[in-house]
Each structure stands twice: as structure tokens, then as C-alpha cells.
Amino acid sequence: MTTLDELREQLHGELIVPGDQTYDEARAVHNGMIDRRPVAVIRVANTGDVMSGIRYARENNLDLAIRGGGHSGPGFGTVDDGVVIDFSQMRSVRVDPNTATARADAGVTWGDMNAATHAFGLAVPGGIISTTGISGLTLGGGVGYLTRGFGLTIDSLISVDVVTADGQFLVASEQENADLFWALRGGGGNFGVCTSFEYKLHPVKDVYWGPMFYEIEETEKIFRFYREYMKDAPEQMGVFPAFQIAPPLPFIPEDRHGDMFVALVACWTGPVEEGEAAFKPFHEVAEVKAEMVGPVPFPAINGAFDALFPKGIRQYWKGNYVKELTDDAIAVHVEHGPNAPTMSSSMHLYPIDGAPHRMSHDSTAFGHRDANWAMVILAAGDDPAADESNIQWVRDYSDAITPYSQPGGYVNFMSEDDGGRSQSNYGANYDRLVEIKRKYDPDNVFHVNQNINT
């Protein structure tokens with residue numbers, strides 16, 4: 001069996017072990033609730049380092065965690081008494097404007113991606129927080145501001161470089177290892193370690209964007225309006241409702257800082273000069289008490305909420321897919337949403353209709369293309385003493401809304417205690433995912449995730 005000293009000699013990147021000065025920083029992930037102590041963190045520099053890390057973990061019968069951006073709510077980017085493959089040093093993006101494509105390393109964040117593509121007036125449909133890694137978000141499907149117009153992130157995926165459990169390097173695309181490529185588009189990190197991703201880019205440069213805050217008493221009215229509006233909304237409009245304790249920002253009256261509001265957060269990707277007219281329905285439904293809307297570069301909106309979600313914040317998630325926003329469901333939101341316990345806690349209802357619906361349910365592993373929304377309920381804060389009550393708010397809200405939701409939820413919105421939901425979360429394509437898992441990872445080496453256990 002390979003020893004740690006031998007592993008260090010094999011690596012071009014950095015091996016960090018207990019006792020090293022950087023160990024505590026290296027083992028930390030975004031979720032401050034997670035406190036795990038791996039035997040080794042490998043900050044890989046290339047694909048060869050990934051191969052060495054997998055081999056070391058297998059030879060020594062150790063659990064293996066893969067970390068891209070480290071945003072996994074359950075902390076799947078680290079593991080007790082195991083090995084972490086950390087991509088934080090692999091963050092290059094190469095844009096080809098002639099083909100409107102980009103190749104990105106597995107450690108790239110959406111902030112990195114947007115910075116690289118924006119110079120060319122292009123973008124990949126990504127997430128909401130700029131520090132989120134592209135890897136985990138992509139493999140789970142990929143939901144964000146651009147989803148309705150351009151599809152899920154996986155719908156723009158062209159190819160993936162993968163190291164499998166037996167140490168093979170494979171390219172997965174429609175032309176090569178097509179079954180693996182199919183599984184990677186929504187099946188999570190169950191099939192191998194993805195070292196780079198190639199994406200199709202879309203023409204997005206400046207957008208008309210912003211949050212609009214309404215009195216919390218308007219919640220039912222806002223949700224009913226939103227339900228009707230979305231039936232015919234242009235696909236250039238990505239908009240979601242949320243609950244938000246007002247942060248101390250200049251656009252919010254000072255005497256309202258700390259008050260709870262219901263909000264609509266909207267992003268118009270059509271011609272910027274049409275943005276004000278496109279936002280008009282949001283100003284007519286009820287009085288907007290505070291807003292920050294207008295034309296902005298696309299990368300700016302991806303970083304707008306980063307301050308509410310810094311590294312180390314303590315967090316707990318639940319999620320469900322939603323097909324119909326019924327009156328009963330709205331009543332649950334009216335009851336539970338306003339009780340969000342902290343400024344960083346909320347419920348978001350992300351629309352996934354439009355372009356995602358034009359793909360067949362079996363075109364990729366993402367098994368919920370009939371859903372209209374991906375809902376997330378998140379509690380996040382800094383006080384460990386509040387963990388129990390924050391978690392209880394999420395669970396109570398989730399329990400109340402589940403009867404009015406689909407059985408499954410977006411895998412990137414799951415917590416560690418949601419492992420029993422895997423089959424419903426992966427949805428209609430689960431049985432095929434099991435078959436492909438058996439082919440590429442029969443020993444379930446890659447199990448520190450929302451696992452497909454054969």
C-alpha cells in the first residue's frame with residue numbers, strides 16, 4: 001500500500017495532513033456546521049494528482065471526498081478519517097469566442113467563470129452565489145437566473161474530463177462514453193472525479209436586474225400574482241419570490257433595517273432598454289417599499305448575495321420540486337416564510353420551466369423536467385446556539401410544504417439527512433443511473449455525495 005510519504009513524492013500539488021500549519025484551513029468547507037478531520041487533503045495541480053489520490057484512498061480503504069467550490073450543504077467536500085481531493089488550485093478558464101465555448105477546471109467558481117466569459121459578452125447558465133463551484137452545481141443539474149432562457153447548466157455541457165474509480169482517464173461527451181456523459185448530467189458525483197468541463201456559451205453581457213421588497217403582509221398577494229405571471233412570462237425573465245430580513249443597505253430606509261419583507265428578485269436578459277417595461281408588472285402588483293433595480297453587468301448579480309452567504313456560515317437546507325403553486329401551498333408559505341430566523345435564511349422558488357421543458361425527460365439524467373420550480377428552504381447564521389431552532393424552522397416548513405410538492409428535490413439543495421430520498425431526488429431516470437453506477441463505480445468508491453447505492 002502507498003504511504004503518505006510516497007503519495008507526497010507522487011504529487012505535483014500539495015499534500016496537507018494533521019499537524020501541518022494549514023491543516024485547519026484546508027479541511028474547512030463553506031458550511032460552518034461541518035467539522036471533519038481527514039487524514040489527508042490533496043490540493044491537486046493536475047489530473048495525475050487526482051489519479052494518485054484515488055489510488056491512495058482505495059489502497060488504504062479510506063473514504064474519498066471530492067471538493068470543487070466546497071459549497072455542498074452537507075459538507076461532502078470533506079470527510080472524517082479519509083482523503084479529500086481539493087481542486088481549489090485548479091481554477092483556469094479558457095474561452096474560445098469563435099466557437100462560443102469555454103473549458104474550465106473543476107475548481108472554478110461561478111465568479112471565475114463569469115469574469116472569464118463576460119469580456120466576450122457570453123455566459124454559462126450557472127448559479128446564484130459567485131463563490132459556488134461549477135463542478136457540484138453542474139453535476140446536480142444547475143439552476144439559476146438564466147435557466148428559463150437557456151436551460152439548466154447541464155444543457156450547455158459539451159464534454160467532461162473524468163477519472164474513474166479504477167484510475168482511468170475518460171472523456172465523456174455525446175461522441176465518447178455517451179452513457180457516462182448522460183449520467184453526469186444530473187447524477188451528481190457518483191461516477192468519477194470530473195477534472196474539467198466544456199460548456200457552450202450564450203450571448204449575455206448586461207442584464208436588467210434587482211430585488212424588490214414588499215411588506216410582509218402582501219405575501220399572499222405576491223405569490224398569487226407570481227403564479228399567474230409565470231404562466232405567460234417571457235423566457236428572458238428569470239424571477240423568484242423570497243423572504244428577506246432587510247440588511248443594512250443604502251437602498252433600504254434605515255428605519256426598516258432588520259424588518260422582514262417578501263421579495264421578488266428578477267433578472268431580464270432581453271434588450272436592457274426593455275428592462276424597465278419588463279419590470280412594470282412587479283411594480284403594479286403592490287407598493288415596492290425598497291428596491292435596487294437597473295442595468296448591471298451579469299457578473300455583478302452573481303455576486304450580489306455573497307455577503308449574506310460567506311464562508312463559515314452555519315447552514316441547513318431542504319428542497320422540493322414544485323409543479324403547481326396551489327392555494328394550499330401559498331398558505332404554507334404565508335405561514336412559515338415570514339418566520340425565517342436570520343438575515344441569511346430564506347425560501348427561494350427558482351423557476352425551471354421554459355428551456356428545460358424543451359428537453360425530453362430522458363435526454364439527461366436530470367429526472368424532473370416536468371417540474372416548474374426548484375424550491376429551497378435555507379437557514380443560515382453565525383450562532384452555534386441557534387442551530388437547533390434554525391434547523392427546526394427548515395424542517396417544519398419543509399414538512400408543511402411537502403404535501404403540495406413533488407416527491408423529489410434538487411440534489412444540490414439536500415442535507416445529509418436526506419440520503420433516503422435519493423431515488424425520488426434523481427427521479428424518473430434512477431434505474432438507469434444505477435446501471436451506469438455499477439459499470440463505472442461498482443465498489444461505490446464515490447459515495448460521499450447524494451449517493452446512488454447499487
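Taking (1) in a loop (DSSP other than H, G, I, E, B); (2) under 17 Å from residue 207 (Cα atoms); (3) more than 15 Å from the chain's Cα centre (by Cα) in turn, residue 88 satisfies each apart from (2). Just give me the residues in the range 210-233 being among the charged types (D, E, K, R) and not in a strand (DSSP E or B), in sequence order. Listed by number, the residues that qualify are 217, 218, 220, 221, 224, 227, 228, 231, 232.
Here are 399, 431, 387: which of them is within 16 Å of residue 34 (Cα to Cα) and of a type outside the set (A, V, I, L, M)?
Working: 399 fails: within 16 Å of residue 34 (Cα to Cα); 431 fails: within 16 Å of residue 34 (Cα to Cα).
None of the other options fit; the residue is 387.
Taken over the range 91-124, residues that are assigned to a loop (DSSP other than H, G, I, E, B), over 14 Å from residue 299 (Cβ atoms) and of a type outside the set (D, E, K, R) amount to 7.
Among the residues of the range 149-171, write down those that are in a strand (DSSP E or B) and within 24 Å of the chain's Cα centre (by Cα).
Filtering the range 149-171 down to residues in a strand (DSSP E or B) leaves 157-163, 169-171.
Within the range 149-171, 157, 158, 159, 160, 161, 162, 163, 171 qualify.
Is the range 370-387 home to any residue that is in contact with a helix residue (DSSP H, G or I) (Cβ under 7 Å, 6 or more places away or on another chain) and in a loop (DSSP other than H, G, I, E, B)? No, every residue in the range 370-387 fails to be in contact with a helix residue (DSSP H, G or I) (Cβ under 7 Å, 6 or more places away or on another chain) and in a loop (DSSP other than H, G, I, E, B). Is there a residue being among the hydrophobic types (A, V, I, L, M, F, W, C), part of a loop (DSSP other than H, G, I, E, B) and in contact (Cβ under 8 Å) with a residue 40 or more places away in the chain anywhere in the range 44-63? Yes, there is a match, as at least one residue in the range 44-63 is among the hydrophobic types (A, V, I, L, M, F, W, C), part of a loop (DSSP other than H, G, I, E, B) and in contact (Cβ under 8 Å) with a residue 40 or more places away in the chain.
Against the list (1) under 17 Å from the mean Cα position of the chain (by Cα); (2) crowded, with 21+ Cβ neighbours inside 10 Å, the condition residue 451 fails is (2).
Give 296, 332 a once-over and let me know the one that is outside any strand (DSSP E or B) and not charged (D, E, K, R). Before the answer, list the steps.
Working: 296 fails: outside any strand (DSSP E or B).
Going through 296, 332 in turn, the sole match is 332.
Can you tell me how many residues within the range 244-268 are out of contact with any His (no Cβ under 6 Å at 6 or more places or on another chain) and not in a strand (DSSP E or B)? Residues in the range 244-268 being out of contact with any His (no Cβ under 6 Å at 6 or more places or on another chain) and not in a strand (DSSP E or B): 12 in total.
Per-residue answers, yes or no, for (1) over 21 Å from the mean Cα position of the chain (by Cα); (2) within 19 Å of residue 352 (Cβ to Cβ); (3) aromatic (Phe, Trp, Tyr):
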| site | (1), (2), (3) |
| --- | --- |
| 228 | yes, yes, no |
| 262 | yes, no, no |
| 265 | no, yes, no |
| 273 | yes, no, no |
| 283 | yes, no, no |
| 289 | yes, no, no |
| 300 | no, no, no |
| 313 | no, no, no |
| 326 | yes, yes, no |
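All of the numbers you see were taken from the coordinates with simple rules; none came from a lab. These numbers come from a predicted model, not from an experiment. We place every Cβ from the backbone using ideal geometry, glycine too, and count neighbours over all the protein chains shown.
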